[in-house]
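What follows draws every value from the coordinates through simple rules; no lab data is involved. These numbers come from a predicted model, not from an experiment. So basically every Cβ, Gly included, is an ideal-geometry build from the backbone, and we count neighbours across all protein chains shown.
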Amino acid sequence: MSDKRFSRAEVASYNQKDNVVLIIHNHVYDVKAFLDEHPGGHEVLVNVVGKDASEDFDDIGHSLDAKELMKKYRIGELVDEDKTPEKKRPQYNNVTTVKEEGFLAAWKLPIFLGIIATVVWQYFFN
Ligand code: HEM
């Protein structure tokens, strides 16, 4: 798929009514046709024209439907030099893994103590 590449400076220059162009996670979108349909309103989008709206987009916690919908308005991506490394996902995964381990560890100790207590009880009282 041939993908149009934009620099951040180029996106910033689209600060006009005809092209409501913005960046979300290194992809470039023209949301002009979507302005009036956006459930979050026309103004929030206009406010970030020419800018990187990744954080604003994430802060709202857009649904999977919204993420599917945005593909329709995608017009290209940033040139590699201007991309922000997307480290968030692996970090979230790590957090989940750590949490799961913590959860297991939290159960291992009581179970282990339970086994010891059972053995000691049997030893002394049988
Ligand atoms: C192509 C880009 C975008 C698409 C397709 C999109 C789509 C949507 C959709 C479908 C919703 C309804 C709720 C949901 O399904 O999550 C929504 C809500 C919203 N969006 Fe977006 N959005 C886009 C970009 C943005 C950006 C860049 C901002 C902020 C700068 C933004 C701010 C909001 C807000 C404030 C709401 C309302 C949340 C609420 O009422 O609880 N959106 N958007």
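Using a 7 Å offset from the Cα along the Cα-to-Cβ direction at both Ile111 and Asp58, what is the distance between the two label points in nm, to one decimal?
So the two model labels end up 3.5 nm from each other.
Taking θ as phi - 60°, what are the ³J(HN,Hα) couplings along region 53-69 by the Karplus curve (6.51, -1.76, 1.60), each to the nearest whole Hz, with x for Gly and Pro?
Ordered by residue, 3J(HN,Hα) equals 9, 3, 5, 4, 4, 5, 4, 6, x, 4, 6, 4, 4, 5, 5, 5, 5 Hz.
For a quick check: with amide H placed at 1.01 Å from N, whose amide H comes under 5 Å from Gly76's, ignoring anything fewer than 5 positions away on the same chain?
Val28
Evaluate the distance, in nm, between pseudo-label points positioned 7 Å from the Cα of Leu35 and of Arg74 along their respective Cα→Cβ axes.
The modelled label-to-label distance comes out at 2.4 nm.
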